[in-house]
Amino acid sequence: MVNIPKTHRTYCKKCDKQQLHKVTEYKKGKDSIGYSGQTKPIFRKKAKTTKKIVLRREHVEPNCRSKGMLLWLTRCKPFEVRGDKKRKGQVIQF
């Protein structure tokens with residue numbers, strides 16, 4: 001299981017120094033329907049069962065707000081962006 005903290009200290013190009021960034025999962029927008037139908041055969045022998053995770057980092061400081069920083073992770077199925085870290089042998093309470 002991949003557990004990512006909600007905030008991340010990383011380099012900001014606008015400020016030119018390491019700053020706190022908010023981390024969210026990047027999701028693809030909805031596809032347009034288009035004008036024509038299917039012209040080529042649809043590939044049906046898919047081998048991969050997971051997708052690569054992409055994180056979007058947004059600067060927390062109000063006067064900067066640089067958003068275009070993306071970070072690619074490896075393939076994983078259970079993925080979550082959380083604030084707290086899990087410790088070995090500790091019970092999680094809800």
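Coordinate-derived values only; no laboratory data. Since this is a predicted model, take the numbers as computed values, not measurements. Glycine gets a Cβ as well: all are built from the backbone with ideal geometry, and neighbour counts include every protein chain shown.
What the table shows:
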| quantity | calculated |
| --- | --- |
| Qualifying residues in the range 22-47 (those that are within 21 Å of Leu70 (Cα to Cα) and not hydroxyl-bearing (Ser, Thr, Tyr)) - the one surrounded by the most Cβ atoms within 10 Å (Cβ to Cβ) | Val23 |
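Residues are listed down the side, and each one gets a yes or a no for (1) surrounded by 10 or more Cβ atoms within 10 Å (Cβ to Cβ); (2) in contact with a Cys (Cβ under 7 Å, 6 or more places away or on another chain); (3) over 23 Å from Val81 (Cβ atoms); (4) in contact (Cβ under 8 Å) with a residue 24 or more places away in the chain:
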site: Val2; (1), (2), (3), (4): yes, yes, no, yes
site: His8; (1), (2), (3), (4): yes, no, no, yes
site: Leu20; (1), (2), (3), (4): yes, no, no, yes
site: Thr49; (1), (2), (3), (4): no, no, no, yes
site: Arg56; (1), (2), (3), (4): yes, no, no, yes
site: Pro62; (1), (2), (3), (4): no, no, no, no
site: Lys67; (1), (2), (3), (4): yes, no, no, no
